[in-house]
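Have a look at the structure below, then the notes.
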Amino acid sequence: MRRVPGLVLFLFVIAVSAASNACSHKSDERSFTLHGQVLSLDLAHKTVVVKHEEIKGFMPAMTMPYEAQDVKLLDGIAPGDVIDATLVVFSNGAHLTTITKVGSAPLEKAPAEAPLPRASSGFELLKPGEPVPNASFVDQDGRTRSFADFRGDRVVMTFIYTECPMPTFCPLLDRRFAAMQKPLGDDAAMKDVHLVTVSFDPATDTPPVLKAHARRLNADPARWTFLTGDRDEIDRFASRFGVQVSRAMNDPRDITHNLRTVIIDKDGKLVKVYTGNDWTPEQILGDLRG
Ligand SMILES: [Cu+2]
């Protein structure tokens, strides 16, 4: 059994709760059966955190928050319950359409009691105004890049992995970055803004994989750079912005992560951190315009 830090769960819930612009596109809907244990509920946001088994053909075993289509589905559901649920995934979202309690089991450990990981020693959160520490990466063309190379440009950076199965997580961030390219290009005052997407799954997201991913997103290489590199170095770098990634020992594709998107100024100092997926391209563009 894998323990997920309470903070991660908390941030996940924030992230998913914000992703409720769930207008469905019936044509590309897919539904899956999800079996697992409820760890916590957030009725205000209609979300339930489920530690679930592998969803065949869709995602590995994972602990994730899910939004219920209707808050009534959560009636009578409590932490510790073992549930069968129907997960419907569409192009830009996902939700549970049925939830059935089939048993209950003691909770392994209350998320709130879990110690926060990496409370010290080089993993401290950066505050706005603080310089972003340098780190070394490899870009989508296989070139070595150091983060300091971006000095002189303002940077909007986010963290993803290309195989992320949840449309409301990494793929959503990709779509938003893609959507920012045109307004950035249309505004002469935004010439100095560079988009950077860092993959925290270097085993899968090699430079060629990132390059193909960038092409699919119509990423302009002059504006948008994809980075990968040494996993520990990426983890350490990402953690400074509050990105938390945990990978299962037995299945490296089983990645539990939260979402952070940041603005860094031309001198390499942190300006702002956006948590979860609760932000819009317009908001970031507005913040860049100051
Ligand atoms: Cu993801």
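The values are calculated or read from the model by the stated rules, or taken from the named source; none is laboratory data. Predicted, not measured: the structure shown is a model, and the values here were computed from it. Heads up, the Cβs are rebuilt from the backbone with ideal geometry, glycines too, and the neighbour counts pull from every protein chain shown. Each accessible area value is taken on the protein alone, full model and side chains, heavy atoms only, with ligands, DNA and RNA left out. Shrake-Rupley method; radii C 1.70, N 1.55, O 1.52, S 1.80 Å.
Taking a ≥ b ≥ c as the square roots of the Cα gyration tensor eigenvalues, with a/c under 1.5 meaning rounded and otherwise prolate when a/b beats b/c, else oblate, which class fits the range 143-206?
On the way: a/c = 3.20, a/b = 1.32, b/c = 2.43.
Taking the square roots of the gyration eigenvalues as a ≥ b ≥ c, the range 143-206 is oblate.
Note the full-extension length gain between Thr204 and Glu233 as 0.36 nm times their separation in residues minus their Cα-Cα distance, in nm to one decimal. Could the numbers behind the result be given before it?
On the way: separation 29, 0.36 × 29 = 10.44 nm, distance 1.60 nm.
Taking Thr204 through Glu233 to full extension adds about 8.8 nm, to one decimal.
Tell me which residues come under 5 Å, amide H to amide H, from Val198 once H is placed; ignore anything under 5 positions away on its chain.
Thr158, Phe159, Ile160, Leu227
Who wins for biggest fluctuation among Glu53, Glu67, Glu29 in a Gaussian network model of the chain, springs between alpha carbons below 10 Å?
Judging by the Gaussian network model, the answer is Glu29.
Rounded to the nearest 20 Debye, what is the dipole magnitude of the chain about its Cα centre when Lys and Arg each give +1 and Asp and Glu each give -1 at the C-beta?
Values: 34 positive and 37 negative charges, 56 e Å.
It works out to roughly 260 debye.
Highest mean first, what order results for 167-174, 179-186 on Cβ atoms within 10 Å?
Values: 167-174: 21.2, 179-186: 15.5.
Result, highest mean Cβ count within 10 Å first: 167-174, 179-186.
Go through the range 133-144 residue by residue and turn each phi into a ³J(HN,Hα) via Karplus (6.51, -1.76, 1.60, θ = phi - 60°); whole Hz please, and just put x for glycine and proline.
Rounded to whole hertz, the list is x, 6, 8, 10, 9, 10, 8, 5, 9, x, 7, 6.
How many Å² of accessible area per residue for the chain, probe 1.4 Å?
Details: 13010 Å² over 290 residues.
Per residue, the chain has 45 Å² of solvent-accessible surface.
Given a 10 angstrom Cα cut-off, can you work out which residue in Gly93, Gly76, Gly129 is the most mobile in a GNM of the chain?
Fluctuation is largest for Gly76.
Rounded, prolate or oblate: pick one for the range 191-252, where a ≥ b ≥ c are the square roots of the eigenvalues of its C-alpha gyration tensor, a/c under 1.5 means rounded, and failing that, prolate if a/b is larger than b/c, else oblate. Present the calculation step by step, with values, prior to reporting the outcome.
Details: a/c = 2.80, a/b = 1.47, b/c = 1.90.
Oblate shape, in that a/c is at least 1.5 and b/c is the bigger or equal ratio.
With a ≥ b ≥ c the root eigenvalues of the C-alpha gyration tensor of the chain, is it rounded (a/c under 1.5), prolate (a/b larger than b/c) or oblate?
Numbers: a/c = 1.86, a/b = 1.59, b/c = 1.17.
Verdict is prolate for the chain.
If you roll a 1.4 Å probe over the range 115-247 with all protein chains in place, what percent of the accessible area is carbon or sulfur? Please report the intermediate quantities before stating the final value.
Working: 3070 of 5730 Å².
Carbon-and-sulfur percentage of accessible area, whole number: 54.
What residue among Ser146, Ser199, Ser40 has the largest mean-square fluctuation in a Gaussian network model of the chain, using Cα springs under 10 Å?
Ser146
Compute the distance in nm between two label points, each set 7 Å from the Cα along the Cα-to-Cβ direction, one at Thr97 and one at Asp187.
If labels sit at Thr97 and Asp187, their model points lie 3.9 nm apart.
Please give the length that would be gained between Asp141 and Asp278 if that part of the chain were fully extended, namely 0.36 nm times their separation in residues minus their C-alpha to C-alpha distance (nm, one decimal).
Working: separation 137, 0.36 × 137 = 49.32 nm, distance 3.10 nm.
Full-extension gain reported as 46.2 nm.
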